[in-house]
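Visitor: Structure incoming, see below.
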Amino acid sequence: MEHFIHSVIIDLPIWDVKLMELRELNCNDPTMQMLHRYGTEGWPQHKRDVPPSLKSFWNVRNDIHVTDGIILKDNRLVIPFAWRTDILKKLHLSHRGIEKTKANAHTTVFWPGMNMVFCCEKCLKYQRKQTKEPMQTQEIPILPCQVVESDVLEHKLPYGH
């Protein structure tokens, strides 16, 4: 298991400097310290024995792993509260839209209640233009060839024909 966790950390899209910064944040954050302790020593038997700041981790407690000061939920970095706003901004730098940003976030980072809402001016400007057309349905014909349709298309014809 330790080898797997180490390989996950190596494959994460994060610079070594940021990993060191994350370790430092984990050491200075009381909630992350307690999560680190529970991840290495085990969780209490009952949720009522867990401090309020960690109750939101209860449902994923078996997925929490710790190695070398880094806390993971499966293969995603657990992000301390102080870093969350910055991480959201960095995830959204490409302006690929809310759904793609969420998908990217859900493959790389984790914190309880990761529900991201972006009020990005650029994304809001182009959001309506990126919506999918609604599917147009028609009644199913009773007899074969009762309804015949055709799409007209001209491909690579010179102008004026």
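The values are calculated or read from the model by the stated rules, or taken from the named source; none is laboratory data. Please read these numbers as outputs of a predicted model, since none were measured by experiment. Because the Cβ atoms are built from the backbone with ideal geometry, glycine has one as well, and the counts that use them run over all protein chains shown.
Condition check ((1) at pLDDT below 80; (2) among the basic types (Lys, Arg); (3) more than 15 Å from the chain's Cα centre (by Cα); (4) not in a helix (DSSP H, G or I)) across all residues:
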position	(1), (2), (3), (4)
GLU99	yes, no, no, no
THR107	no, no, no, no
CYS119	yes, no, yes, yes
LYS125	yes, yes, yes, no
LYS129	yes, yes, yes, no
MET135	no, no, yes, yes
GLU139	no, no, yes, yes
ASP151	yes, no, yes, yes
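Visitor: Separate question: When you check VAL17 against the structure, is it part of a helix (DSSP H, G or I), out of contact with any Leu (no Cβ under 8 Å at 6 or more places or on another chain) and exposed (fewer than 13 other Cβ atoms within 10 Å of the Cβ), yes or no?
Guide: So VAL17 passes the test.
Visitor: Could you give every pair whose Cβ atoms fall below 7 Å, whose first residue belongs to region 58-75 and is assigned to a helix (DSSP H, G or I), and whose second residue is surrounded by fewer than 18 Cβ atoms within 10 Å (Cβ to Cβ) and of a type in the set (Lys, Arg), counting only separations of at least 6 or pairs across chains?
Guide: Between residues of region 58-75 that are assigned to a helix (DSSP H, G or I) and residues that are surrounded by fewer than 18 Cβ atoms within 10 Å (Cβ to Cβ) and of a type in the set (Lys, Arg), the close pairs are TRP58/LYS47.
Visitor: Among the numbered criteria (1) in contact with a helix residue (DSSP H, G or I) (Cβ under 6 Å, 6 or more places away or on another chain); (2) surrounded by fewer than 18 Cβ atoms within 10 Å (Cβ to Cβ); (3) within 15 Å of THR31 (Cα to Cα), which one does ARG84 miss?
Guide: (1)
Visitor: I'd like the full set of residues that are β-branched (Val, Ile, Thr) and over 16 Å from PRO112 (Cα atoms), limited to region 32-76.
Guide: Those that are β-branched (Val, Ile, Thr) and over 16 Å from PRO112 (Cα atoms): THR40, VAL66, THR67, ILE70.
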